[in-house]
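Participant: Dropping the structure in here first, questions after.
Since every read-out is calculated from the coordinates, none of them should be taken as a lab result. Only a predicted model underlies this, so the values are computations on that prediction, with no experimental measurement involved. We place every Cβ from the backbone using ideal geometry, glycine too, and count neighbours over all the protein chains shown.
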2 protein chains.
Amino acid sequence: MKEQIKEYIEQNKDRFLNELMDMLRIPSVSADPAFSGDVQRTAEYVAERLKEAGADNIEICPTDGNPIVYGEKIISPFVPTVLVYGHYDVQPADPYELWDSPPFEPVIKDEKIYARGSCDDKGQMYMHVKAFESMMKLDSLPCNVKFMIEGEEEVGSVNLGPFIKKHTERLKSDVVLLSDTSMIGNDTPSITVGLRGLAYVEVELIGPNRDLHSGTYGGAVANPINALSQMISSLIDPKTRKITIPGFYDDVIEISAEEKKAISEIPFDINVYKKDLNIDSTLGEVGYSVIEQASTRPTLDVNGIKGGYQGEGAKTVLPSKASAKISMRLVPNQKSEKIANLFADYFKSIAPAGIKVNVTFHHGGEPVVVPMDCVEYQAAAMAYEDTFGKKPLPMRAGGSIPIVALFEEVLGVKSIMMGFGLDTDAIHSPNENFGLFNFYRGIETIPLFYKHYTELKKI
Amino acid sequence: MKEQIKEYIEQNKDRFLNELMDMLRIPSVSADPAFSGDVQRTAEYVAERLKEAGADNIEICPTDGNPIVYGEKIISPFVPTVLVYGHYDVQPADPYELWDSPPFEPVIKDEKIYARGSCDDKGQMYMHVKAFESMMKLDSLPCNVKFMIEGEEEVGSVNLGPFIKKHTERLKSDVVLLSDTSMIGNDTPSITVGLRGLAYVEVELIGPNRDLHSGTYGGAVANPINALSQMISSLIDPKTRKITIPGFYDDVIEISAEEKKAISEIPFDINVYKKDLNIDSTLGEVGYSVIEQASTRPTLDVNGIKGGYQGEGAKTVLPSKASAKISMRLVPNQKSEKIANLFADYFKSIAPAGIKVNVTFHHGGEPVVVPMDCVEYQAAAMAYEDTFGKKPLPMRAGGSIPIVALFEEVLGVKSIMMGFGLDTDAIHSPNENFGLFNFYRGIETIPLFYKHYTELKKI
């Protein structure tokens, strides 16, 4: 199968690329209502390509927001079913002036496609369509496939949850397959085996009922900014850099010795890392490596803070209020709601005299981990080894993709995150790009996952 | 003298008030260049009234900003000279919609004048002009007088320092007299015997060279907001509420037992105070009363803080920068420059790994204290006792009037702060007002200070 797929790709490579470039020309920016027509057009484009590739029961399913494109190929009730997830919407492209070429006029330069969405996620999603086409044309599809391509990933996938809850029967499958993450390098393939969850809260501190003159009242009346600083400060132990919220670590599962070893094998140069960020030192939980700190351990970061006088120069105000946005990244088996509640209880308990505290919750997301010993992971690892000639490294991402946890929760299946992009692809930034090598290697690797997965499930 | 002054005021009270109201109609807002013509007109108005009252050598002295009105009456080289300081500029009046009557259309209601500047400082300054007129008309001026009325007090008196340094000979005097503070109550006269100094700094923390995704980097890279919170927090001991900067208290003079006793006699109801601010508790340095905390003890307040995402909702950014404006109120004998330097040294020393710190200095001001046993204070106390029938309480103000320290430093004389306004006069706020009782009582009391001061100096 491997050689035939490779040959088919070689014969059709220009068409594959042209089709992707046509899709990249449609500015499907989900964050801006001005592009809603383009978003709709992109959904139609995806549906048409799925149909051409051989999918049945194509439907552009309306939601309260942007439509979800569905398509499937059911070949037998006795083989497993792969549910492919992807998204056809893209991040806004501004600031336009920082792009070397217009974001919606894709160009090939240095063996890369430059365009908004080239990697995230049109390019990576389209690998799956073309892999499916290849298997169909070569009559080698080993299992059932369902496609669910949404148009709101970049704005929080708000309508995807209700959709999958409503269509659990239709979406019944054995594994979810998606390519919306990255790998370490073109000669260091990796599979994302973990995502951190997220608990995001906003805190507001109220002191006196009005802004006061800091001369007249300073020293006697609690200052909400000072109080906020003190309270934030006491959330992290300055020595161990552990989060001090009681119960915060109760459900945390330490990574296995095997995974710790795998992480230690990830190529990582601390000097390159520090130089890239222009910092003289990293700072994280004592006893963990930088990669472990940024992917396998929970964190607490203040994402925004404000209070008092924000203008130029000096104003001697003792403000009435101060507020902060605080997010915690979570790891298995922490639960975002429980953590948000633990945070709120503790934060309120440490308010100094004279300060009232409000805590509100923003969205949460659950952490995800894919065990390396499950057939899903092993099939993916075998597919990478087939095409890259080496075992992929398991890697946890520090970020959160809340829908992945949702798939497991609602559909009861694991997700395999086969990212073929690179961290240097500038997703969400000007000059987003996606290597041609990566695009074609993805199309080549995906069918091998289908093959190995179907075989492993049979055993 | 007392009865004659009283009679003269009674005979001229309507004219006095009308003259003040005419001045209040000119919107001399120094902060807004749109009012510069009005500022100039007000200076001219003050100069004319001084001339009518009997002052010589009137001059509207240009500065790099708004002019300073000068006038004098020299009656003999053998009597002391009082330098009257005041200001004819006012705070901006916005928000206009919160005023019950237009800020520059003075009205009398419940025996109070409502208008921007009615108390601060046109009303209080004009008491001195009318007290001078009264003494002149009654031929009872006992000493020399010099008037120096500026137009930039509400914007930091930036041109007053250079002016007094340039005109030390012309401004040569034995005491500075000003009414730009308040007293405790109409039946509890008080004299301001102390002002806190000010050291105002701005700090900026820089972590990574760009805003980062908190998922990808959170946990491994120092977050400038977390760091800023931690650093601010460690500036105050949470138990004693003392400032932890090494050397900060080295030059602080503890108040005398006598002053402590006088402060304890100031009528103060903690429940009224808390209810007014809607706080359930005060918070200040352990071992000191609220009044002591807010006037005789140094403080550290964050006046503004910002960093990261400020908009609605949630954004998972690990920001590159965070900053804060921090002011310290100082007490005798702390020096603002020394304290600012101690702050900067300490603050830089407590930065966590991976964080760079910049500290910049805004304006400073020196603390002031008027000893109760000096003739200047005693003359003022006698004047209040004459008109109020009771000894005034010595009181320190928590705020700063940097120019008062400057008078002492450059001219080598003490300042007597005879404030007749009340804390309820809403200076700097909508519906600023000044009691008619206070206006006339000021005009009545000031000449008695001249009398007692001249007599005490003769002894």
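Participant: Given Cα pairs under 8 Å that are at least 6 residues apart, what percent is the relative contact order of chain B?
Facilitator: Taking the mean separation of contacting Cα pairs over the length of chain B, I get 25 percent.
Participant: Any idea how far apart B:Glu385 and A:Asp345 come out in nm if each label point goes 7 Å out from Cα toward Cβ?
Facilitator: 6.4 nm
Participant: Moving to a separate point now. Among A:Ile459, B:Ile266, A:Ile74, A:Ile9, what is the fewest-to-most ranking by other Cβ atoms within 10 Å? Can you show the working numbers first?
Facilitator: Values: A:Ile459 5, B:Ile266 16, A:Ile74 13, A:Ile9 19.
Sorted ascending by nearby Cβ count, the order is A:Ile459, A:Ile74, B:Ile266, A:Ile9.
Participant: Starting from one equal scatterer on each C-alpha and no solvent at all, send me the Debye-based log10 I(q)/I(0) for segment B:314-459 at q = 0.10, 0.11, 0.14, 0.19 Å⁻¹, two decimals.
Facilitator: Log-scaled intensity ratios, in q order: -0.56, -0.64, -0.87, -1.23.
Participant: Here's something else I'd like to know. Considering only A:Ser157, A:Ile279, A:Gln124, whose Cα is most displaced toward the positive end of the charge dipole of chain A, charges sitting on Cβ of Lys, Arg (+1) and Asp, Glu (-1)?
Facilitator: Most positive-ward Cα: A:Ile279.
Participant: Charges only on Cβ, +1 for Lys and Arg, -1 for Asp and Glu: so what's the dipole of segment B:73-139 about the Cα centre, in debye to the nearest 20?
Facilitator: With only Lys, Arg, Asp and Glu charged at Cβ, the dipole is about 400 debye.
Participant: Next up: Please work out how much length the chain gains when fully extended from A:Asp94 to A:Asp373, using 0.36 nm per residue of separation minus the C-alpha to C-alpha distance, in nm with one decimal.
Facilitator: Separation in residues times 0.36 nm, less the Cα-Cα distance, equals 96.2 nm.
Participant: Sticking with this structure for a sec: Kirkwood hydrodynamic radius, segment A:107-163, all distinct C-alpha pairs: what's the number in Å?
Facilitator: Result for segment A:107-163 stands at 13.7 Å.
Participant: Rank these for me by crowding, B:Met417, A:Met372, going from fewest to most other beta carbons within 10 Å.
Facilitator: Placing the least packed residue first, the sequence is A:Met372, B:Met417.
Participant: Next question. Over 26 Å between C-alpha atoms is what I'm after, so list which of B:Lys146/B:Lys260; B:Lys6/B:Lys260; A:Lys2/A:Lys457; A:Lys13/A:Lys458 land there.
Facilitator: B:Lys146/B:Lys260; B:Lys6/B:Lys260; A:Lys13/A:Lys458
Participant: Something else: Relative contact order (percent) for segment B:302-369, with alpha-carbon contacts under 8 angstrom and 6 or more residues of separation? Please list the in-between numbers first.
Facilitator: On the way: 53 pairs, mean separation 21.1, N = 68.
Computed value for segment B:302-369: 31 percent relative contact order.
Participant: Report, in debye and to the nearest 20, how large the dipole of the protein assembly as shown comes out about its Cα centre when Lys and Arg carry +1 and Asp and Glu carry -1 on their Cβ.
Facilitator: Dipole size: approximately 1620 debye.
Participant: Turning to a different aspect of this structure: Quick one: what does P(r) look like for segment B:84-182 with 5 Å bins over all Cα pairs, in whole %?
Facilitator: 2, 11, 18, 19, 18, 14, 9, 6, 3, 0
Participant: Here is a follow-up. Taking the simple approach of a point 7 Å from Cα along Cα-to-Cβ for both B:Asp187 and B:Ile108, what is their distance in nm?
Facilitator: If labels sit at B:Asp187 and B:Ile108, their model points lie 2.4 nm apart.
Participant: Counting each DSSP H run of 4 or more residues in chain A as -39500 (n - 2.57), what helix-only mean residue ellipticity at 222 nm follows after dividing by all residues, to the nearest 500 deg cm²/dmol?
Facilitator: Helix contribution divided over all residues of chain A: -10500 deg cm²/dmol.
Participant: For segment B:1-98, with only Lys/Arg (+1) and Asp/Glu (-1) charged at the beta-carbon, what is the dipole magnitude about the Cα centre, in debye rounded to 20?
Facilitator: On the way: 9 positive and 18 negative charges, 72 e Å.
Approximately 340 debye in magnitude.
Participant: Provide the gained length on full extension for the span B:Glu312 to B:Lys356, in nm with one decimal, where the gain is 0.36 nm per separating residue minus the Cα-Cα distance.
Facilitator: 13.0 nm
Participant: Treat each spin label as a single point 7 Å out from the Cα along the C-beta direction, and report the A:Ile270 to B:Phe268 distance in nm.
Facilitator: Rounded to a tenth, the inter-label distance reads 5.3 nm.
Participant: Could I ask something else about it? Go through B:Ile236, B:Pro80, A:Ile355 and say which Cα lies farthest out towards the positive end of the charge dipole of the protein assembly as shown; charges sit on Cβ, +1 for Lys and Arg, -1 for Asp and Glu.
Facilitator: Working it through, the farthest residue towards the positive pole turns out to be B:Ile236.
Participant: Pairs of lysines 8 or more apart, or on different chains, with alpha carbons under 23 Å: count those in segment A:332-410, would you?
Facilitator: 4
Participant: Would you mind pulling out the separation of the Cα centroids of segment A:131-191 and segment B:190-222, in Å?
Facilitator: Centre-to-centre (Cα) distance: 45 Å.
Participant: Along each of the three principal axes of the Cα atoms of the protein assembly as shown, give the extent in whole Å, ordering the values from largest to smallest.
Facilitator: 119, 50, 45
Participant: Order by neighbour count: B:Ser229, A:Ser157, fewest other Cβ atoms within 10 Å first, most last.
Facilitator: Fewest to most other Cβ atoms nearby, the residues stand as A:Ser157, B:Ser229.
Participant: Take peptide A:309-319, look around each residue's Cβ out to 10 angstrom, count Cβ atoms belonging to other protein chains, and average those counts.
Facilitator: That average works out to 6.
Participant: Could you tell me which of A:Gln334, A:His213, A:Pro402 has its Cα farthest along the dipole of chain A towards the positive end, charges placed at Cβ (Lys, Arg +1; Asp, Glu -1), taken about the Cα centre?
Facilitator: A:His213
Participant: A follow-up question, please. Multiply the residue separation of B:Lys2 and B:Gln40 by 0.36 nm, subtract the distance between their alpha-carbon atoms, and state the gained length in nm to one decimal.
Facilitator: In short, 10.1 nm is gained.
Participant: A follow-up question, please. When the Kirkwood radius is taken over all Cα pairs of segment B:307-396, what Stokes-Einstein diffusion coefficient follows at 4 °C and 1.567 mPa s, in µm²/s?
Facilitator: 72 µm²/s
Participant: Alpha carbons only, please: Rg and Dmax for chain A, in angstrom.
Facilitator: 24.3, 83
Participant: Exceeding 24 Å between C-alpha atoms, which entries from my cross-link table qualify? They are A:Lys242/A:Lys321; A:Lys321/B:Lys321; B:Lys274/B:Lys306; B:Lys51/B:Lys109; A:Lys109/A:Lys130.
Facilitator: On the way: A:Lys242/A:Lys321 28 Å; A:Lys321/B:Lys321 21 Å; B:Lys274/B:Lys306 28 Å; B:Lys51/B:Lys109 31 Å; A:Lys109/A:Lys130 22 Å.
Result: A:Lys242/A:Lys321; B:Lys274/B:Lys306; B:Lys51/B:Lys109 exceed 24 Å.
Participant: Between segment A:411-459 and segment A:10-49, how many Å separate their Cα centres?
Facilitator: That distance is 19 Å.
Participant: To the nearest 0.05, what FRET efficiency results for A:Ile253 and A:Ser429 with a Förster distance of 51 Å applied to their C-beta separation?
Facilitator: My answer for the efficiency is 0.95.
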